[in-house]
Amino acid sequence: MRQWYLTASALYHAADKFFPKPSVEVLDIKGKLNGRQACIESYEKVAPFLEPPATKVAILYKDKSLPGYLRIPKNTAEQVPVVLIVNGLYSVK
């Protein structure tokens with residue numbers, strides 16, 4: 001079951017990348033939104049089974065909340081670095 005959700009999430013994510021960018025008219029916006037929602041739901045189902053597991057978090061900023069996932073390595077006695085990836089900015093911070 002874990003592999004199915006992981007594969008589904010990856011495929012929905014890849015399909016989302018093939019849709020035109022927001023600056024281009026999207027003829028099937030409902031299909032794009034449905035595919036994006038399926039991607040999110042698939043990842044939510046596989047998240048607890050990943051190594052290390054992914055825990056859903058919300059990062060508060062001003063009056064908004066940025067959704068994300070936190071994955072902390074197991075059996076670490078020290079602090080570990082954090083990698084923050086922000087989708088939609090076409091960059092990694």
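The values are calculated or read from the model by the stated rules, or taken from the named source; none is laboratory data. For clarity, every value in this text was computed on a predicted model and none was experimentally measured. No Cβ is skipped: glycine too gets one built from the backbone with ideal geometry, and neighbour counts run over all protein chains shown. Remember, those area values only see protein heavy atoms, side chains included, never the ligands or the DNA or RNA. Shrake-Rupley method; radii C 1.70, N 1.55, O 1.52, S 1.80 Å.
Some notes on this structure:
- In Å², nearest 10: area of Lys30 left accessible to a 1.4 Å probe: 140 Å²
- Distance violations [Cα-Cα > 26 Å] among Lys32/Lys64; Lys30/Lys62; Lys32/Lys56: Lys30/Lys62
- Calculated FRET efficiency, Tyr61 to Ala10, Cβ-Cβ distance, R0 = 25 Å: about 0.35 to the nearest 0.05.
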